[in-house]
Structure formats: C-alpha cells, structure tokens
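The values are calculated or read from the model by the stated rules, or taken from the named source; none is laboratory data. Keep in mind it's a predicted model, so treat the numbers as computed, not measured. Every residue, glycine as well, gets a Cβ built from its backbone with ideal geometry; the counts of neighbours run over all protein chains shown.
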Amino acid sequence: MRLSRHVSVQAQSNITRREIFFGHESSIFSQGLILKDQDTFIESTGLYGESVIHYVDRKTLKVGLETELGSEFFGEGCELVNLNGEQLIYQLTWRERKVYRDRIL
C-alpha cells in the first residue's frame with residue numbers, strides 16, 4: 001500500500017475532516033477498518049481460506065501482525081471492545097453466523 005493523496009477539508013462545525021487515499025492490495029476483500037490507536041489500523045478481510053485481521057502501521061501502511069480466522073470461515077466486519085479493562089476484537093462471520101473473539105495484539 002502506498003499513500004497517494006491527502007486532503008484536509010474544513011467542515012462548517014470547525015472540525016477538520018481528513019481524507020486519505022492509498023493503494024490497496026486488489027486480492028484482499030476488505031470487510032472492516034477501524035483505528036486501534038494513533039499508530040495502527042485494524043482491517044478485517046473476508047473470503048473462505050483467506051479471512052484475516054491485519055494490524056496495519058498507519059504511517060507506512062505496512063501490515064505488521066495478522067491473525068487468521070480459519071479456512072472454514074468467511075470474515076466480515078470487526079469491532080474493538082473494552083471489557084473490564086481488557087481490549088478485545090470481535091469479527092463477525094458470514095454464513096457460519098459465528099463471532100470470532102481475540103485479545104488485541
């Protein structure tokens with residue numbers, strides 16, 4: 001992935017909205033993208049045999065860690081949850097109607 005354009009837009013409510021456009025691996029079927037912290041995006045992907053959760057460095061856009069969901073699951077969107085002080089990530093599956101849960105790395 002590479003950064004190709006960055007645009008800042010001043011909204012009417014004095015909030016600056018930033019739009020960031022970057023190249024993306026065309027074979028990855030993205031289902032969810034969330035900001036873990038100021039340095040890391042988490043991207044969930046789908047397709048049987050290829051569903052993973054990627055931890056992406058926000059500045060370099062390089063994939064660091066990744067967690068595979070399992071070949072029998074088609075991953076969907078994901079969400080971060082703070083449960084009793086522990087950060088967890090939940091990822092939905094499609095036809096299997098299951099929820100994958102893991103600790104944030």
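Of the residues making up region 66-89, those that are closer than 15 Å to LEU35 by Cα and exposed (fewer than 13 other Cβ atoms within 10 Å of the Cβ) number 2.
Selection of region 87-105 for residues being closer than 16 Å to ILE42 by Cβ and not in a loop (DSSP other than H, G, I, E, B) yields GLN87, LEU88, ILE89, TYR90, GLN91, LEU92, VAL99, TYR100, ARG101, ASP102, ARG103.
Close contacts from region 80-92, counting a first residue that is in contact (Cβ under 8 Å) with a residue 40 or more places away in the chain and a second that is in a strand (DSSP E or B) and surrounded by fewer than 10 Cβ atoms within 10 Å (Cβ to Cβ), with Cβ to Cβ under 8 Å and a gap of 6+ residues or different chains, come to ILE89/ARG103. In summary, GLY23 fulfils each of the numbered conditions (1) at pLDDT below 90; (2) within 16 Å of GLN91 (Cβ to Cβ) with the single exception of condition (2).
Among the residues of region 38-58, those identified as part of a loop (DSSP other than H, G, I, E, B) and closer than 19 Å to SER27 by Cα are LEU47, TYR48, GLY49, GLU50, SER51.
The conditions of being surrounded by 15 or more Cβ atoms within 10 Å (Cβ to Cβ) and either assigned to a strand (DSSP E or B) or not polar (S, T, N, Q) (or both) are met by LEU61.
Sort out which residues of region 48-58 are crowded, with 17+ Cβ neighbours inside 10 Å and not polar (S, T, N, Q), and write them in order of number.
Start the filter on region 48-58 by keeping residues that are crowded, with 17+ Cβ neighbours inside 10 Å, which leaves 51-56.
Residues satisfying the conditions are VAL52, ILE53, HIS54, TYR55, VAL56.
Looking across region 90-105, the residues that are surrounded by 12 or more Cβ atoms within 10 Å (Cβ to Cβ), over 15 Å from the mean Cα position of the chain (by Cα) and not hydrophobic (A, V, I, L, M, F, W, C) come down to GLU96, LYS98. For the subset of region 64-86 comprising residues that are in a loop (DSSP other than H, G, I, E, B) and polar (S, T, N, Q), which member is nearest to the chain's Cα centre (by Cα)? Ranking the qualifying residues of region 64-86, first place goes to SER71.
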